[in-house]
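I have placed the structure first, in the form of structure tokens, so that the comments after it can refer back to it.
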Amino acid sequence: MKRCDLHPWSRFGRLITTWEVEKRNKQLYEKCICDCWNIKRIPRGNLVNKSAKSCWCLRKEHCRKVQEIFFKKHWMAKTRIYRIYTAMKMRTTNKNDISYKYYWERWIRCLWNSFEDFYRDMWESYNSHVNEYWEKQTTLDRINRNWDYCKENCKRSNWKEQMYNRDIVDIYWFNYNNMKKKDEQKSD
């Protein structure tokens, strides 16, 4: 089909051309009818190079589908408890995460398969901790650092408690105790 050889009633995606052509600013506009019965004037070049497929109804449908999928899957996507869950999943599964090596090398994984499972297990403890310490001070902490993330091994902590449950604290105490022993040996 040549550039100027558009016939009436030609189909381009959801658009059907009519016999009306309008010239605006040295450009030809075809009057098109969409499958949703909207009438729209579309530049002839957009029809020929197939960049125009509908009167925006196709884009609206696609956005609606994406929103339905998003809200079905992530019904609490903007809450702090969901951000805590996604951060935990990223640490344990995403190789591009900064903390991934600290969890992968120690074989620590997340045993919750979905956010719904995590929510069902941890919501009560999360809610009671938020009532006591507020939301910004509520974090997810493992009771035993060498075990997986699961209901039996997780608790809610504030930031101060969480800082004491880190490897660097153990290294500090290990070095402190060794130095203390050396000082005691020297004094004997």
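Read the figures in this text as sums done on the coordinates, not as results from a lab. What you see is a predicted model, and the numbers here were worked out from it, not measured in a lab. As a convention, Cβ positions derive from the backbone with ideal geometry for all residues, glycine included, and neighbour counts pool all protein chains shown.
General observations
- Of all residues in region 84-103, those satisfying the criterion of being surrounded by fewer than 16 Cβ atoms within 10 Å (Cβ to Cβ) and over 19 Å from the mean Cα position of the chain (by Cα) are K101, Y102.
- Look at region 94-114: where a residue is over 17 Å from L140 (Cα atoms) and a partner is loosely packed, with under 15 Cβ neighbours inside 10 Å, sitting 6+ places away or on another chain with Cβ atoms under 8 Å, you get W104/K95; R106/N146.
- Looking only at residues in region 32-59 that are of a type in the set (G, A, S) and surrounded by 17 or more Cβ atoms within 10 Å (Cβ to Cβ), the one that is farthest from I16 (Cα to Cα) is A52.
- Yes/no for K78 being farther than 26 Å from H7 by Cα and under 17 Å from the mean Cα position of the chain (by Cα): yes
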